1. If you take the residues in the stretch B:450-460 that are assigned to a helix (DSSP H, G or I) and not charged (D, E, K, R), which one is nearest to B:ASN483 (Cα to Cα)?
2. Under 8 Å by Cβ, and 6 or more places apart or on different chains, what pairs join a residue from the stretch B:405-416 that is in the same structural domain as B:ALA485 (by TED's automatic domain parsing) with one that is aromatic (Phe, Trp, Tyr) and assigned to a helix (DSSP H, G or I)?
3. Suppose we keep only residues that are out of contact with any helix residue (DSSP H, G or I) (no Cβ under 9 Å at 6 or more places or on another chain) and within 14 Å of chain A (Cβ to nearest Cβ) within the stretch B:1-41. Which one would you say is modelled with the highest pLDDT?
4. Grab the strands (runs of 3 or more DSSP E) fully contained in the stretch B:246-358, keeping just those with 3 or more residues being assigned by TED's automatic domain parsing to the domain that holds B:ILE216 and either under 27 Å from A:GLN78 (Cβ atoms) or of a type in the set (Lys, Arg) (or both).
5. Somewhere in the stretch B:273-289, is a residue buried (at least 24 other Cβ atoms within 10 Å of the Cβ), under 20 Å from the mean Cα position of the chain (by Cα) and of a type in the set (Val, Ile, Thr)?
6. Taking B:VAL174 as meeting all but one of (1) more than 19 Å from the chain's Cα centre (by Cα); (2) within 10 Å of chain A (Cβ to nearest Cβ); (3) among the hydrophobic types (A, V, I, L, M, F, W, C), write down the number of the exception.
7. Does any residue of the stretch B:386-395 turn out to be assigned to a helix (DSSP H, G or I), in contact with a Lys or Arg (Cβ under 9 Å, 6 or more places away or on another chain), over 18 Å from B:GLY455 (Cα atoms) and modelled with pLDDT under 95?
8. Could you go through the stretch B:328-336 and let me know if any residue there is within 28 Å of B:VAL403 (Cβ to Cβ) and surrounded by fewer than 24 Cβ atoms within 10 Å (Cβ to Cβ).
Amino acid sequence: MTQLQRDKTFEPSGVQGKLKIVLHDVSGTLIRALGTIERRGYDYRDVHCTQRVDGDFDLLVHIEDTGGPSNLDTLCKQLERLYNVVSAEKVGRRRHAERA
Amino acid sequence: MTTATQFEKQATEKIADRPAKSGSQLLLESLVEQGVETIFGYPGGAIMPVYDVLPTIPQLRHILCRHEQGCGMAAIGYARATGRTGTAFATSGPGATNLITAIADAYLDSVPVVFVTGQVPSNLMGTDAFQEVDIFGMTLPVVKHSYIVRDPADIPGMVAEAYFIAAEGRPGPVLIDLPKDVANAMTTERHKWRPYPKVKPEMGQSDYISKAEALIREAQKPLFYIGGGIAQGDGVKELRDLVERTDIPVVSTLKGLGAMPSDHPQFLGMLGMHGLKAANYAVQECDLLIVAGARFDDRATGKLDTFAPHAKVIHMDIDIAEINKLRKVDVYLDGSLKKNLEALNPGRSECDDWRELCYSRRAMHEWDYEGAQAKASPGVYAPKLLHDLSRRADDSAIITCDVGQHQMWVAQHCYFDEPKDHITSGGLGTMGFGLPAGLGAKLGAPERTVITVSGDGSIMMNIQELATLFRYDIPLKIVLLDNSALGMVRQWQEVFFDKNYSETNMDDNPDFALVAKAFQIDAFTVTTADEVDVGIDRLLETDGPILMHVKIDPNENVWPLVPPGRSNADMMER
């Protein structure tokens, strides 16, 4: 078994969450958003993307942290910093189920 | 997904009698419209249509560097010296990949630069064609935004948006990847682009400003912790006003140096891994940290959960994603740093004992240059050389540097009156940055003296740019501190790896003065302390480009040093 010497500050906390991200229909935006989530320290459990009637995309992701200063609020701000990402927000289980 | 939104292409403007223009023409004319005057670039197959048109646009000065990485870093130096957006060109494939380090450097240091890469023709994209790489995909993690141009009619709007995005809010690099067929295609059309719709708050909420003022008034041991965002947010004057009105001591990150003059009575110095003792002790003991334009970088904080352990935190940053990212704050002020600093008015802090403690510590730990030089004699003590050079150069001099021990000595021992005086690769820590950044800075600010301080490891990474100095007769002054080693890595091997000096010895370096002369650059070598004064005179008085090669002791280290992963209170010393 490999033993990694990791800073205990950034041990995986098992934080799970669901995000709803609205994207403009512009080349590269989807991969930019998904890449940001992974680079900021999260694994995917589920990804679901659908186009809305207004042409934008709804991206629903279920994620789990892999170690790092996990904070879903910060992740949402980092996603909203991307151009052509309209919004990013945490969604509760029930709300997510209703919308999905 | 489609290539542009319905918002962006609201209308297509067609004017029948307008002459058709190629994508290349539209690109270069759009750059002129954005106020671009200088482009750092290197031609190649896929970007040849652009270079074919370039000579017909006299408003654009093209600087041919000798490697694309040099182009990118020169554009960064230009941007940081001028406060304007830099521009760099490269061709597809290896030209584009050679730009990536510069793109990442601009991203981590929040520098506005637009990078334009040629790309193989659209019908060959995705076929593994000659000199084809997916530069759009490769750079996604290190750009603020990026485009692949699919239609020449998009170019004017796209270029305008690219320059807007690079400079707005927290600045950063933007990439435009231009396929060869799009560069060649002729069009009379122009797609109209809407202004980008995201609106950022102008300044923090008024009740948060009141809360911040209350925290400052209540604090017994308040401290400013400032970073590179001060300069980028044009908040230097407002910061200095607030610091002086509140009479609170200040510490700075590497990139914040110059936001307060180095000799300001309230300035304690740089904090962090190679920070000054007075600065690190102040951070550890303060009860309120007023963070302005800084991001709790690990080189500044050391072990994060031991950083400023007793402090409440006020955090001001234009990038809301930095708030609460690494340290929970008590009050935040997003939006314009300049406006937030101006709005804060808590009055003079009643913390006389704290001030006295901070300033007495600073005095106690002042450098003894003469004593250290006496110990190093007859050799050269590099910190004293840099200290003397900095004070003898004129006040408006810019110092660019590379990465390693000399970078930290510059930060510790040189005098900076303005943030633009100090151009260093802070976030990425890019060896090879100093020389091209220096030539870019000199071209951007020709009226200022520009000095590049480099090391023998770093300069070899972009030494080809000496040819650029000669080609354009750029009067850059280079100080090369040569310890025949990768000094900082060697120091860590000495301290943390039981003196196992693995692959850090460089005593087979070339004769750097001879190398410079081969590039037709004036050069000389200094080996003893008594040659330093004359050498500095010659360096500063020479009109053209010049290199001063200084041999220094390979065993000289940078102190203090906070071991990685440890608290800033655990400073090691000689």
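The values are calculated or read from the model by the stated rules, or taken from the named source; none is laboratory data. Since this is a predicted model, take the numbers as computed values, not measurements. Cβ placement follows ideal geometry from the backbone for every residue including glycine, while neighbour counts extend to all protein chains displayed.
1. Filtering the stretch B:450-460 down to residues assigned to a helix (DSSP H, G or I) leaves B:456-459.
If we keep only those that are not charged (D, E, K, R) as well, we get B:457-459.
Working: B:GLY457: 9, B:SER458: 12, B:ILE459: 12 Å.
If we take residues in the stretch B:450-460 being assigned to a helix (DSSP H, G or I) and not charged (D, E, K, R), then B:GLY457 is nearest to B:ASN483 (Cα to Cα).
2. none
3. Only one residue fits best here, namely B:GLN10.
4. B:288-292, B:312-316, B:331-333
5. Within the stretch B:273-289, none of the residues are buried (at least 24 other Cβ atoms within 10 Å of the Cβ), under 20 Å from the mean Cα position of the chain (by Cα) and of a type in the set (Val, Ile, Thr).
6. (1)
7. The answer is no, given that none of the residues of the stretch B:386-395 is assigned to a helix (DSSP H, G or I), in contact with a Lys or Arg (Cβ under 9 Å, 6 or more places away or on another chain), over 18 Å from B:GLY455 (Cα atoms) and modelled with pLDDT under 95.
8. no
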